[in-house]
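The values are calculated or read from the model by the stated rules, or taken from the named source; none is laboratory data. As the structure is a prediction and not an experimental result, all values here were calculated from the model. Here Cβ is always computed from backbone atoms with ideal geometry, including for glycine, and neighbour counts include all displayed protein chains. Quick note on the areas: whole protein, heavy atoms, side chains included, nothing else; ligands and nucleic acids left out. Shrake-Rupley method; radii C 1.70, N 1.55, O 1.52, S 1.80 Å.
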Amino acid sequence: VRKSSIYLPDELKQLLEERAERSGRSEADLIRAAIGRLLAMPAGADDGGGPDRPLASSVRPALVGVGVGPGDPGLITTTGRATLLAADRVLVITTDDHSVGRAEMVVRSVAPAVRLQRVPFAIVPDEAHREASLQALAGAVLTGTDAGELVAVAVLGDPSQWSVFPALAAAVRQLRTGLHVVAVPGITAYQASASRAAVALGGAGGALVVVDNLAELDRRLGDAQVVVVVYKASVDGADVQAIAARHHRHAVVAELNGLPGERLVDLADLPAGPISYLATVIFPALDHDRVPS
Ligand SMILES: C[S@@+](CC[C@H](N)C(=O)[O-])C[C@H]1O[C@@H](n2cnc3c(N)ncnc32)[C@H](O)[C@@H]1O
């Protein structure tokens, strides 16, 4: 009798042995991780039907994109946190092995016990480097899923928007047809920023667009019914102010939302100089703040 599985029935012992063999982890390590996950759940949530039931946790192997943050770690959903706790491995994207990325910071603060694996990703315009990074990330996912694991990839905000997750899902599906792939939605940076500023993101008869360059901003601001959000606003504040003035539109700029040093300011009051990459500019539609009829 192995000491590590003394309390387990034969069937579970067999499954444990197989899982340990496939994943390269010791049986003791797998038991520790499972008990850690159980005890991290609120009492009563471990009956499989509670509100903290992790999405897709009963399906193995699987790839799950989990939205975290985007700034304030508290904005994760209970399903997102439960999925991180249930995962056999949690991957976080980083610029290099030695750097703690923002997704890792959030995961460490909401689920400190999970074992994280950093995967470097080249966030550069060079298509070849990005593709190589994507394949390396897909490879890291498959190392886990080929061993029967539930692999979570934590991404900032919503995995389905402005994130590497859709491309990763496509790459992994191509390599392993039929693998279960799903995402747990997260709160986008523009939702968090609009909430912080208490401005409307939508309303009757309107549309919401997210742009990442000044030409598209200029084109979209012409329609007063459209809420326009600017992401990746590493541009000069004066250029955005000039376009806003041409269309008689107002905006709020949320910088480092939910993070130390955060700032929320009207576009018109923005100090001269570049807007940082971690800023979201929101142009509300002209009449979405009226009470709906
Ligand atoms: C790659 S996108 C983030 C996408 C994410 N998947 C989402 O759902 O929001 C990066 C952009 O999000 C915005 N952003 C991210 N974190 C932010 C924060 N803490 N405060 C303000 N804007 C933020 C910035 O415009 C940044 O350039």
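Under the criterion of Cα pairs below 8 Å and six or more residues apart, the relative contact order for the chain equals 17 percent. Scoring 11-21, 87-97, 152-162 by mean Cβ neighbours within 10 Å over their residues and listing the highest first yields 152-162, 87-97, 11-21. Protein heavy-atom surface of the chain, 1.4 angstrom probe: 56% of the accessible area is carbon and sulfur, with nucleic acids and ligands not counted.
Close amide H partners of residue 89, meaning residues 5 or more places away or on another chain with modelled amide H under 5 Å apart, are 150, 152. Normalised per residue, the accessible area of the chain is 51 Å², obtained with a 1.4 Å probe and no contribution from ligands, DNA or RNA. Shape class of segment 76-205 from the Cα gyration tensor (axes a ≥ b ≥ c, square roots of the eigenvalues): prolate, since a/c reaches 1.5 or more and a/b is larger than b/c.
Over all Cα atoms in segment 155-293, the spread is summed up by Rg and Dmax: 16.8, 52 Å. Taking every DSSP helix (H) stretch of at least 4 residues in the chain, weighting each as -39,500 (n - 2.57) and dividing the sum by the residue count yields a mean residue ellipticity at 222 nm of -10500 deg cm²/dmol.
In percent, rounded to a whole number, the relative contact order of segment 205-287 is 36, using alpha-carbon pairs under 8 Å and six or more apart. Close amide H contacts of residue 66 (hydrogens built in the peptide plane, cut-off under 5 Å, sequence separation of 5 or more or a different chain): 153, 154, 155, 184. Across every direction, the projection of the convex hull enclosing the Cα atoms of the chain has a mean area of 18.7 nm². Between 35, 282, 76, where does the largest GNM mean-square fluctuation fall for the chain, given springs only between Cα atoms within less than 10 Å? So, out of 35, 282, 76, the one fluctuating most is 35. Rounded to the nearest 10 degrees, the inclination of helix 237-246 to the longest alpha-carbon principal axis of the chain is 50 degrees.
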